[in-house]
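Student: Here it is, the structure in full.
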Amino acid sequence: MTLLRVRGFDIHKGCLEPARQAALIEALRPVLKAAPLFSPVVPGGGQMSVRMTSAGKFGWYSDASGYRYAEAHPSGRPWPAIPDPVLEIWRQLTGLEREPECCLLNYYGEGARMGLHQDKDEADFSYPVVSISLGDDGLFRIGNRTRGGKTESVWLNSGDVVVMGGEARLMYHGVDRIRFKSSRLLPKGGRINLTLRVVT
Ligand SMILES: O=C(O)CCC(=O)C(=O)O
C-alpha cells in the first residue's frame, strides 16, 4: 500500500487486497437487491450518467427540486444498513468513534462520468468523506475550494481508498471517465464507488 497526498486528498493506493474487494462486492449484493440503482435527475432537468443507490440511515437523492439526503429509497422503502465490511474500512482509516450515516453507491457503466462538485449537503464538515473504488479504473480529478482554476488528475484503481478530510473536505472533485472493462472484479464491467459520509 502506498499513500499519495494530492491537495490534501489522502489516496491509499492498493488499500484493499483482491479478496477484500471480492468480499465487499458480495456484501453489496443484498444492498443492491433491497435498494436498486436509479438514475437521479439533476436540478437543471438532465439525468446523471452515473446510477446510484445508498445504504445507511440516509441516502443521497436528487430530483428537479434539488439535492438532498432522504430517509427512503425512491421505492419508499428505508435504505438497507451499511454492510459491516464497509464500516470496517471507515474505522480502519479514520479511527473515529462516530460512524457514517450514509454510504452512497455510485455505479459507472461504460461512458459514465461525474462532473466536478463539492460534497456539501452534510451538516459538519469536520468529518471526512471516505471513498472506496471497486472495479474499473476511474480518472479522478481534483480541483480547488472554489470553481475553476488548475486541476490535477489521478487514476483510481480497484481497492484504492481516498480520505477527503481537512483542507480536502470541501474541494471540488469528479470523475472524467472510466476505463471500461479494465478490471475483472465486476462480471459485467463498470466501476463502483462508495462514499461514506456523516450526514447530521
Ligand atoms: O466516484 C468517485 O470516485 C467520486 C464520487 C464522488 O465524488 C461523490 O460521490 O461525491
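The values are calculated or read from the model by the stated rules, or taken from the named source; none is laboratory data. In this text the structure is predicted, and so the values were computed from the model without any measurement. All Cβ positions, even for glycine, are placed from backbone atoms using ideal geometry, and neighbour counts span all protein chains on display.
Student: When the residues of the stretch 47-69 are narrowed to those that are assigned to a strand (DSSP E or B) and of a type in the set (G, A, S), which ends up farthest from the ligand (Cβ to nearest atom)?
Tutor: Among those that are assigned to a strand (DSSP E or B) and of a type in the set (G, A, S), it is G66.
Student: Restricting to strands (runs of 3 or more DSSP E) lying wholly in the stretch 127-175: which have 2 or more residues that are basic (K, R), buried (at least 17 other Cβ atoms within 10 Å of the Cβ) and at pLDDT below 95?
Tutor: Here the list is empty.
Student: Count, please, the residues in the stretch 21-46 that happen to be closer than 17 Å to R197 by Cβ and assigned to a loop (DSSP other than H, G, I, E, B).
Tutor: Number of matching residues: 2.
Student: Working only within the stretch 146-167, note down all residues that are within 12 Å of the ligand (Cβ to nearest atom) and either over 19 Å from R191 (Cα atoms) or β-branched (V, I, T) (or both).
Tutor: Across the stretch 146-167, the qualifying residues are V154, V161, V162, M164.
Student: Another question about this same structure. Quick check on the stretch 102-115. Is at least one of its residues away from the ligand (no atom under 14 Å from the Cβ) and free of Cβ contacts under 8 Å to residues at least 60 places away in the same chain?
Tutor: Looking for residues that are away from the ligand (no atom under 14 Å from the Cβ) and free of Cβ contacts under 8 Å to residues at least 60 places away in the same chain, one finds none in the stretch 102-115, hence no.
Student: Taking interchain pairs and intrachain pairs at least six residues apart, which have beta carbon atoms under 9 angstrom, with the first residue in the stretch 54-79 and modelled with pLDDT of 95 or more and the second part of a strand (DSSP E or B) and of a type in the set (K, R)?
Tutor: The qualifying pairs are G56/R197; F58/R197; W60/R68; W60/R197; Y69/R197.
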